[in-house]
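Single-structure report; data block below.
Each value in this text was obtained by applying a stated rule to the coordinates, not by laboratory testing. For clarity, every value in this text was computed on a predicted model and none was experimentally measured. With ideal geometry, Cβ positions are generated from the backbone for all residues, glycine too; neighbour counts draw on all protein chains shown.
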Amino acid sequence: MKEKVKTYFITGAEGVGKSTIIPKLKLKFPKIKFYDFDEKGVPENPPLQWRLDTTLFWINQSIKNQEKGISTCVVGLSFPEEIESFRESKKLSSINYCLLDINKLVREKRLKSRGASREVIKDLGCFDELKKQFKDSNNKIIDISELSISKVLDNLTKFIEDK
């Protein structure tokens, strides 16, 4: 029996470990095409239009993969409401969303250790809106604040396998 082609968007604030988890997911799910949302490059102080254009790019890439019978997972800052607003997203047979949530203090500590600017550390307005979109839906939320990388991987594995 042929597996159903699916599209996954794994999102979360800067500092939750999105980029760290991608190589581990690729090993766990070799038949799924994984992409880092930012792999096309990110301008300094990216405007909203950049995120929207990049979101559409990944939707279109997911459509191309679907046409080839390949599931897609895009990992990066993406918003379900923005994805759903594109008419192209209706061409995808299945879109599944997962938010990697994090305690603000844990996030701040991680970002400080990476040398992030004070503005980046304190900029949670965008993330608050993202969390609201997930709390008002049936989408998956994983609080990674106290989880090891292997536990985050276990949770994401369950999310992908259950969808």
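For region 8-163, what is the relative contact order in percent, using Cα pairs closer than 8 Å and at least 6 residues apart in sequence?
On the way: 186 pairs, mean separation 51.8, N = 156.
So the answer I get is 33 percent.
Of the residues 143, 128, 38, which exhibits the maximal mean-square fluctuation in a Gaussian network model of the chain defined by a 10 Å Cα contact cut-off?
Of 143, 128, 38, the most mobile in the Gaussian network model is 128.
Kindly state, to the nearest 0.05, the FRET efficiency for residue 56 paired with residue 129, given R0 = 22 Å and r defined as their beta-carbon distance.
Efficiency, rounded to the nearest 0.05: 0.70.
Show the residues, 5+ positions off or on another chain, whose built amide H is closer than 5 Å to the amide H of residue 96.
Here 7, 8, 9 satisfy the definition.
What does the charge dipole of the chain about its Cα centre add up to, to the nearest 20 debye, if the Cβ of each Lys and Arg holds +1 and the Cβ of each Asp and Glu holds -1? All intermediate terms of the calculation are to be shown ahead of the outcome.
Numbers: 31 positive and 24 negative charges, 115 e Å.
The calculated dipole for the chain is roughly 560 debye.
Anything over 21 Å Cα to Cα? Flag those among 28/163; 31/64; 40/132, in the order listed.
Pairs exceeding 21 Å: 40/132.
I'd like the FRET efficiency for residue 145 and residue 42, computed as 1/(1 + (r/R0)^6) with the beta carbon distance as r and R0 of 35 Å, rounded to 0.05.
That pair, residue 145 with residue 42, gives E of 0.90.
From the Cα trace of the chain, what convex hull volume per residue do you get, rounded to a whole Å³? Walk me through the intermediate numbers first.
Numbers: hull volume 19.2 nm³, N = 163.
For the chain, the hull spanned by Cα atoms encloses 118 Å³ per residue.
Report, ordered by chain and residue number, the aspartates and glutamates lying within cross-link reach of residue 91, taken as a straight Cα distance under 18 Å and ignoring same-chain residues fewer than 8 apart.
Partners found: 3, 53, 67, 81, 82.
Between residue 87 and residue 67, what is 0.36 nm times their sequence separation minus the Cα-Cα distance? Round to one decimal in nm.
Taking residue 87 through residue 67 to full extension adds about 5.5 nm, to one decimal.
If the elastic network links every pair of Cα atoms under 10 Å, which of 26, 132, 91 fluctuates the most in the Gaussian network model of the chain?
Ranking 26, 132, 91 by mean-square fluctuation puts 132 first.
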